[in-house]
Amino acid sequence: MHPILATRGRILLYLAGWIPILALLDYLMWASGSPSWVRNTAVLAPACILFAFACLSPWPICRVRPLRLVGAAMLAVTWAAAAAAASALLTAAAWALARVEGQPAAHLDLLFGVGILLYLLSAGLHYAALAAGEAREASLRAAEAHSLARDAELHALRMQINPHFLFNSLHSIAALATLDAVRARDMCIRLADFLRSSLGLGERDSIPLHEELALARSYLEVEQVRFGARLQFSENIQESCQGCTVPVLLLQPLVENAVKHGIAGLVEGGAIRLSAERLGANVIIAVENGFDPDAPCESPIASSSRA
């Protein structure tokens with residue numbers, strides 16, 4: 001079914017759009033010698049209503065015979081026949097109404113020619129509407145594909161982070177178990193708290209910044225058991241940033257990289273600094289850490305994110 005026929009409001013709006021066309025036909029008839037506007041309107045108005053619905057017939061034809069798949073000759077024959085049939089309907093309706101009104105059926109050849117032009121114009125508008133719809137659907141599909149790719153990337157990142165960190169933590173616990181049982185027990189408790197918090201996020205795509213900060217602190221507490229006094233942590237968070245929404249596990253890879261590529265390579269350890277400030281509609285988050293400038297293939301870790 002044609003989209004215009006889906007609701008009564010669309011039908012009425014569509015018919016209202018034919019009022020200027022009716023006025024144009026009235027003018028053409030008057031300019032060609034018809035004496036009365038009133039009589040012309042009485043004949044042409046019902047005929048135009050009938051022709052208006054006939055001009056919706058290009059919709060299924062355009063769908064069956066798209067421009068890119070049909071040859072020019074076949075397309076010309078199809079639309080010439082359809083336009084002639086629709087215009088003949090307009091002319092026949094005007095002739096019959098003129099006979100009913102007792103008026104002479106004049107200028108039917110002019111009406112037939114204008115009907116063909118109007119029908120072909122309607123076909124062109126239908127092709128344009130279908131092309132616009134296809135472009136909109138393609139844009140929506142591209143946006144959906146981009147969103148799915150982003151979600152898949154985030155999911156893959158989450159699946160990589162937790163096992164990587166968990167394996168490192170378990171190795172550290174195993175090493176501490178024979179050297180310092182108290183620290184090994186403390187690390188187990190903190191690790192359990194961190195995993196409970198991260199698993200509690202479920203499938204959420206975003207969380208308030210204060211929850212993300214709590215998760216980052218929980219991670220660093222586990223690492224502090226492993227590194228001891230070598231790992232220091234400080235933060236400077238504006239209060240206005242606490243409730244801002246950020247992607248889940250935004251800070252986790254940044255903080256993990258700061259530990260792995262920064263603090264772990266320093267004999268005396270170092271500090272990780274985390275800051276967040278509001279800048280207009282954005283939140284600027286930075287993670288900074290010390291590093292060993294002589295270490296191969298290493299560079300300072302300084303990351304920022306906007307939310």
(message) Just to verify a number: FRET efficiency for ASP109 and GLU134, C-beta to C-beta distance, R0 = 30 Å, to 0.05?
(response) 0.20
(message) Quick query: amide H of GLY290 versus all other amide H atoms, modeled in the peptide plane; which residues come in under 5 Å with a sequence gap of 5 or more or a different chain?
(response) ALA271
(request) Using a 10 Å cut-off on Cβ atoms, rank the peptides 26-32, 218-224 from the highest mean neighbour count down. (result) 218-224, 26-32
(message) Through the Karplus equation 6.51 cos²θ - 1.76 cosθ + 1.60, θ set to phi - 60°, convert the phi angles of region 263-273 into ³J(HN,Hα) values in whole Hz; use x for Gly and Pro.
(response) 5, 4, x, 9, 4, 8, x, x, 10, 10, 10
(message) So I have [x] 27.2; [y] 13.5; [z] 25.9, and one of them is mean projected area of the Cα convex hull in nm² calculated from this model. Which one is it?
(response) [x]
(request) Please give the length that would be gained between MET74 and SER275 if that part of the chain were fully extended, namely 0.36 nm times their separation in residues minus their C-alpha to C-alpha distance (nm, one decimal). (result) 65.6 nm
(message) Going by amide H atoms built from the backbone, whose H comes under 5 Å of the H on GLU235, apart from near neighbours?
(response) LEU274
(request) Can you tell me the relative contact order of region 3-141? Whole percent, Cα pairs under 8 Å, sequence separation 6 or more. (result) 25
(request) Provide the packing ranking of 237-247, 131-141, i.e. peptides ordered by the mean count of other C-beta atoms within 10 Å per residue, highest first. (result) 237-247, 131-141
(message) Report for the chain the percent antiparallel among DSSP-assigned beta bridges with both residues inside it, nearest 5.
(response) 70
(message) Apply the Karplus curve 6.51 cos²θ - 1.76 cosθ + 1.60, θ = phi - 60°, to the phi angles in region 211-221 and return the couplings in whole Hz, x for Gly and Pro.
(response) 6, 5, 5, 4, 5, 5, 5, 4, 4, 5, 5
(message) Please list 3J(HN,Hα) in residue order for region 275-291, calculated via the Karplus relation 6.51 cos²θ - 1.76 cosθ + 1.60 where θ = phi - 60°; whole Hz, with x for glycine and proline.
(response) 9, 8, 9, 8, 10, x, 8, 9, 10, 9, 10, 10, 10, 10, 8, x, 8
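No value in this document is a laboratory result; all are computed from the given coordinates. Just so it is clear, the model here is predicted, and its values are computed rather than measured. Cβ atoms come from the backbone with ideal geometry, glycine included; neighbour counts cover every protein chain shown.
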